[in-house]
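The values are calculated or read from the model by the stated rules, or taken from the named source; none is laboratory data. Bear in mind that the values here come from a model prediction, so they are computed numbers and not experimental data. When we count neighbours, we look across all protein chains shown, and the Cβ atoms used for this are built from the backbone with ideal geometry, even at glycine. Calculation scope for accessible area: heavy atoms of the full protein, side chains included, ligands and nucleic acids excluded. Shrake-Rupley method; radii C 1.70, N 1.55, O 1.52, S 1.80 Å.
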Amino acid sequence: MKPQPSANPSILMEKLVSLCKRRGFIYQSSEIYGGWNGFWDYGPLGAELKRNLRDAWWKQVVHWREDVVGLDASIIMHPAIWKASGHVDTFNDPMHSCPACKKLTRADQILNIAQEQKWYSSLSQTLTKNGLDVPKLQKWLQREAQSQLPNLLAISGPEFSVEFAAKTIVTLAQQITPFDLLRLLACPPGENPNSVTPCPHCGAPLPPARPFNLMLRTHTGPIADDSNLTYLRPETAQAIFAQFKNVYDSSRVKVPFGIAQIGKAFRNEITPRNFTFRSREFEQMELEFFIRPDEATELLTGKLTHYSPELDLTEPQPDWAWDVWHHYWVRQRILFFQTLGLHEGQHLELYWQKPDELAHYAKATVDILFRFPFGTEELEGIAARGDFDLSQHQLHSGKSLEIFEEELKIKAASLPESDRQKFKDKVIQNWGNSGKSAEQAAAFCDKLFTGCYIPHVIEPSLGLDRLALAVLSAAYAEDTVPDAKGNPETRTVLRLHPSIAPIKCAVLPLLKNKPELVAEARRVFLLLRQHLVVEYDEAGAIGRRYRRQDEIGTPFCVTIDFDTIGENGREKKGTVTVRNRDTLKQERIPINQLVPYLLERIAIAPNQNS
Ligand code: ATP
């Protein structure tokens, strides 16, 4: 197979979107009514793909571990949960509302949105190494800007002067971007261009951004007033915190342990974009992994190990500090992606948020970024959130969310009073360095000596829809393969990992008008169907059927031919050819060995996760 040069990113995205619709992976929601922005439906193959991804996550995060249990909570919960979590007051995105074209734009995405507009690349051509090409810009203002940015001051306001813009650019020492130039073209002479934000859709100056709460609201009960205002959950995590005590009391878990949940989440995104990447309804796969506060770990084990690159992260250890647990989960998540064929370096990058980017409660956050065709963007976030969430719910609900550990109490009681005091002094000093009062630190230690504390948490949070888009875009390929006559032919292939491919195996009789072949193929199909998702296909030439299966990512095709039914002698009777999607190799396999042959090649081995 000859790989072909990879297509330009926007063409690749167009091809992927078109394949998804044509083959039944993803459709626009409510398409027959013109669609509904920010919502998507998964067709027959998309539904299978999502189910496989969900199963892979659940298996690796819950079933293959002894320290994680599952939860399936309701989407609508008591609104007080969202007040306690901070979502009612602070789950906002800054939004610009254009007074001229009425379009809404998320302030922190304005540059990305500008880059996606047609005018952006033509405007960039007016910028040369030596500054602005004034005649080119004048032409651009008369043509592109007139039609695409009709409210730009440079074409709508008589006071604008291109010469002024050119002069300003010369006085700007650094290289400017097309968006900086647009600011100039939207800025009245004499004003500071940096204070002007032009609308990327029409060029009008935008008023300052306002906070916009992303939660979707509804009402429960027959009367739609403020007393029964509720929210569609914007994340699955809060239900885990709200049910933490119930899960802890009703299952045999002990800290450190995790609670995992998969489910729908809703955000009233201002600008849903990039296919399913940013939607208003999506699915999340979240884990809250509860750990001891470092002080409890140190009290119990007599030491505290912090992260260093040489540390072995394979097996959790009782003396791990929070930062080691955080790194451990980053590694676990990378291993998970590897089992699906997504690799660090090739597809994924880690981005450690800088201190000024962290949420006020987060001790550290890593974004796992994926190289999507439209840019490198967040696929999963892994945050060390301290005890913020449980403390907030304890405060707002008035219910204790502390846990009790007998060993901790025994350990504290075994220490001489002087050692306990030394321990307390150290905690007071450490907490003081991070702005907490001595009273708070002393009260925390007194609780700890009785065996009680609020657990801290590490939160890996992954979007299922983003994962589906990531595996589809990583799998999409075009290559050249020989057709039935040996001539080169271009094929589109989805090189999905076999474990997540919607159809694992297609069963194909060589000819459909030969009853013996069809009967044997149906028999093989019914046999395989008990173990795998299989498809039976007898329509069209065999080459065309292979191409169709390649395009939907089916890793194996089983062909029933004249050898299978013994027409060419006894030797190959009862055997079939198994064609591999990626290598194109065909192997002759006895029908009675087909099930183990396929299962072995499709499964993710549990030990790949360690
Ligand atoms: P972004 O910065 O992209 O808006 P976020 O940091 O707000 O994402 P989180 O709140 O950390 O995202 O949500 C965890 C995960 O949920 C994200 O990493 C992503 O995979 C997924 N997710 C969040 N918002 C959306 C959305 N609007 N559409 C699809 N998936 C989403």
Calculate the length of the line joining the C-alpha centroid of the range 436-460 to that of the range 325-368, in whole Å. 27 Å
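With the other protein chains left in place, how much accessible area per residue, in square angstrom, belongs to the chain at a 1.4 angstrom probe?
On the way: 29210 Å² over 610 residues.
In whole numbers, the chain has 48 Å² accessible per residue.
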Rounded to one decimal in nm, the spacing of the 7 Å Cα→Cβ label points at residue 442 and residue 536 is 7.9 nm
In nm, to one decimal, how far is the residue 584 label point from the residue 250 one, both placed 7 Å along Cα→Cβ? 5.6 nm
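All other residues with a Cβ under 11 Å from the Cβ of residue 243 taken together, and with Lys, Arg as +1 and Asp, Glu as -1, what is their net charge?
Values: positive: 245; negative: 72, 249, 288.
So the surrounding residues net to -2.
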So what J values fall out for the range 104-121 if you push phi through Karplus, 6.51 cos²θ - 1.76 cosθ + 1.60 with θ = phi - 60°, rounded to Hz, Gly and Pro as x? 9, 9, 6, 4, 7, 10, 4, 5, 4, 5, 4, 5, 7, 7, 4, 5, 5, 6
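Share of Cα-Cα pairs in the chain beyond 35 Å, in percent?
On the way: 101526 of 185745 pairs.
It works out to 55 percent of all Cα pairs.
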Mean Kyte-Doolittle of at least -0.5 plus a Cα span of 15 Å or more along the axis: flag which DSSP H helices in the chain meet both, please. 9-22, 322-339, 438-449, 464-475, 515-529
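Helix-only estimate, please: 222 nm mean residue ellipticity of the chain, summing -39500 (n - 2.57) across DSSP H runs of length 4 or more and dividing by its residues, to the nearest 500.
Details: 22 runs with 214 residues, N = 610.
Helices in the chain give a 222 nm mean residue ellipticity of -10000 deg cm²/dmol.
For residue 551 and residue 15 in the same chain, what is the full-extension length gain: residue separation times 0.36 nm, less their Cα-Cα distance, in nm?
Details: separation 536, 0.36 × 536 = 192.96 nm, distance 1.17 nm.
Taking 0.36 nm per residue and subtracting the Cα distance, the gain is 191.8 nm.
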Using a 7 Å offset from the Cα along the Cα-to-Cβ direction at both residue 66 and residue 138, what is the distance between the two label points in nm, to one decimal? 8.0 nm
Computing the accessible area with a 1.4 Å probe over protein heavy atoms, can you report the carbon and sulfur percentage for the chain? 52 percent
Quick one: which residues, 5 or more positions from residue 70 or on another chain, have an amide H under 5 Å from its amide H? H modelled 1.01 Å from N in the peptide plane, none for Pro or chain starts. 260
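Need the full-extension length gain, residue 39 to residue 80, defined as separation in residues times 0.36 nm minus the C-alpha distance. One decimal, nm.
On the way: separation 41, 0.36 × 41 = 14.76 nm, distance 2.73 nm.
Computed gain between residue 39 and residue 80 is 12.0 nm.
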The chain: longest stretch without exposed trypsin sites (Lys or Arg not before Pro) (DSSP loop, at most 12 other Cβ within 10 Å), sites themselves excluded? 130-251
For residue 291, other-chain or 5+-apart residues with amide H closer than 5 Å (H placed, Pro excluded) are 456, 457, 458
Here the cysteines of the chain lacking a cysteine partner under 4.7 Å (Cβ to Cβ) are 20, 187, 445, 452, 505, 557
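Quick one: compute the contact order of the range 404-453, relative version, from alpha carbon pairs under 8 angstrom and 6+ residues apart, as a percent.
Numbers: 38 pairs, mean separation 27.8, N = 50.
After rounding, I find 56 percent.
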Taking the Cα centre of each part, how many Å lie between the range 247-287 and the range 186-213? 35 Å
Rounded to whole Hz and in sequence order, give me ³J(HN,Hα) for the range 134-151 from the Karplus expression 6.51 cos²θ - 1.76 cosθ + 1.60, θ = phi - 60°, writing x for Gly and Pro. 4, x, 5, 5, 4, 5, 4, 5, 6, 9, 4, 5, 4, 8, 9, 10, x, 9
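Of the cross-linked pairs 59/83; 15/585; 411/436; 118/264; 245/447; 21/485, which ones have a Cα-Cα span greater than 24 Å in the structure shown?
Numbers: 59/83 33 Å; 15/585 27 Å; 411/436 26 Å; 118/264 34 Å; 245/447 18 Å; 21/485 31 Å.
Listed pairs above 24 Å: 59/83; 15/585; 411/436; 118/264; 21/485.
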Here FRET efficiency (C-beta to C-beta, residue 599 to residue 562, R₀ 25 Å, nearest 0.05) is 0.35
